[in-house]
1. Starting from the stretch 208-232, keep only residues that are free of Cβ contacts under 8 Å to residues at least 24 places away in the same chain, then list their pairs with residues that are buried (at least 20 other Cβ atoms within 10 Å of the Cβ) and assigned to a helix (DSSP H, G or I) whose Cβ atoms are within a distance under 8 Å, requiring at least 6 positions of separation or different chains.
2. Tell me the helices (runs of 4 or more DSSP H) entirely within the stretch 219-327 that contain at least 1 residues that are open to solvent by 50 Å² or more (accessible area, probe 1.4 Å) and under 25 Å from VAL89 (Cα atoms).
3. If you check LEU114, LEU178, LEU172, LEU159, which single one turns out to be at pLDDT 95 or above and farther than 28 Å from GLU217 by Cβ?
4. Under 6 Å between Cβ atoms, at least 6 apart or on separate chains: pull out the pairs that start in the stretch 154-167 with a residue that is under 9 Å from GLU141 (Cβ atoms) and end on any residue that is part of a helix (DSSP H, G or I) and modelled with pLDDT of 95 or more.
5. Only one of these conditions is not met by ASN86: (1) in contact with a Phe, Trp or Tyr (Cβ under 6 Å, 6 or more places away or on another chain); (2) at pLDDT below 70; (3) not β-branched (Val, Ile, Thr). Which number is it?
6. If I ask for residues that are assigned to a loop (DSSP other than H, G, I, E, B) and open to solvent by 10 Å² or more (accessible area, probe 1.4 Å), which ones from the stretch 180-204 would you list?
7. Residues of the stretch 354-367 being open to solvent by 50 Å² or more (accessible area, probe 1.4 Å) and either closer than 16 Å to ILE287 by Cβ or in contact (Cβ under 8 Å) with a residue 40 or more places away in the chain (or both), which ones?
Amino acid sequence: MLMKHVIMNSQLPLLCCANNCMLLASSPVFRRQRFLVRSFGGSIDQFRNSGSGKMQSGQVLFDAEDVIRAITPDLDRSRHKGQAGNIAVIGGCREYTGAPYFAAISALKIGADLSHVFCTKDASPVIKSYSPELIVHPVLEESYNVRDEDKKIISSKVLAEVDKWLERFDCLVIGPGLGRDPFLLDCVSEIIRHARQSNIPIVIDGDGLFLVTNHLELVSGYALAVLTPNVNEYKRLVQKVLNSEVNNDDASQQVLSLAKQIGGVTILKKGKSDIISDGDTVKSVSIYGSPRRCGGQGDILSGSVAVFLSWARQYIEAADQDSNLSCKNPTVLGSIAGAAIMRKAASIAFSNKKRSTVTGDIIESLGKSLEDICPASSSSL
């Protein structure tokens, strides 16, 4: 297939922003009922850094910052709490409490109205102590705390507790700090199945990737799923799905093949350049970034992608066919925006803290990163 190149660079002309025409529906349930998985064209779009701003093959050129400008909703006094995003993180156990916090607080720092964490009872008081901004639900259980004869009953109770909230969410982030307890993973598997039934987008990261790699049927064929593997997680996915080794010489084509083989999920392969594919198109984000590789950056990314994915769905539904963006897949647009904002925030944090940069510094730079690209209009405040 002939590759069509869409060039990505922050110096390219801005696209017309359609934010003013975005009419947010009052309910995530209503938006999901309106949104059915769209069919996409058969071309492969390769985003690369370049100084060119010319048209190629009649296609509009745009960059990651243009995506962010297009899909970020205007601030509007008439909107109510929840319309700018209600995100939930499924993760957090007695060993790992930082990761779900990083993902959830990042969603708020970017602009989501509400951010929840569903974690184990042991993790709950710790995560609550990090910030009063998060809504923490201590509903998950691990094997050590459940007798074998009670597992079925406890599993049903866990699912019922999550189901009470599920329809309110615009996106789930599954995996940060989840751990690998078998009983806990079984419960999360059921949560994923219920999310699919309700057409709720899901971003899979961390131990959630361990789960879905071993149980591909959980996400296979679900176009509203985003997988965000790092180097080792990607290697396991490639071995499991493609029965081959990682091909760095033709990385874009392999990511595309992997996404297509899993039935059109979107894969955001993290690395020197973040490669994104839904099995139909291929994008690459390599702007900004930081040489400081402190832990937790993947959690920031997953929370960021969740917010932008929910905004992208709203944008596509409001803009319909008049969108200036050539890509109409919200999971791809959300992944592009999330990867770009994460890289910009990491760059800002590193410029200030250098070797002492930690995850919290990057989180604190998310707001400035978005404001630099898409300033909040004073007329809307």
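1. Cβ pairs passing all conditions: VAL212/ILE192; VAL212/LEU218.
2. Ranges flagged: 231-241.
3. LEU114
4. Qualifying pairs under 6 Å: SER155/CYS187; VAL158/CYS187.
5. ASN86 satisfies every listed condition except (2).
6. Correct list: ARG180, ASP181, SER198, ASN199.
7. Scanning the stretch 354-367 gives LYS354, ARG355, VAL358, GLU364.
The values are calculated or read from the model by the stated rules, or taken from the named source; none is laboratory data. All of these numbers come straight from a predicted model, not from anything done at the bench. Neighbour counts run over all protein chains shown; Cβ positions are idealised from the backbone, glycine included. Just so you know, the surface numbers come from the protein's heavy atoms only, side chains and all, with ligands and any DNA or RNA stripped out. Shrake-Rupley method; radii C 1.70, N 1.55, O 1.52, S 1.80 Å.
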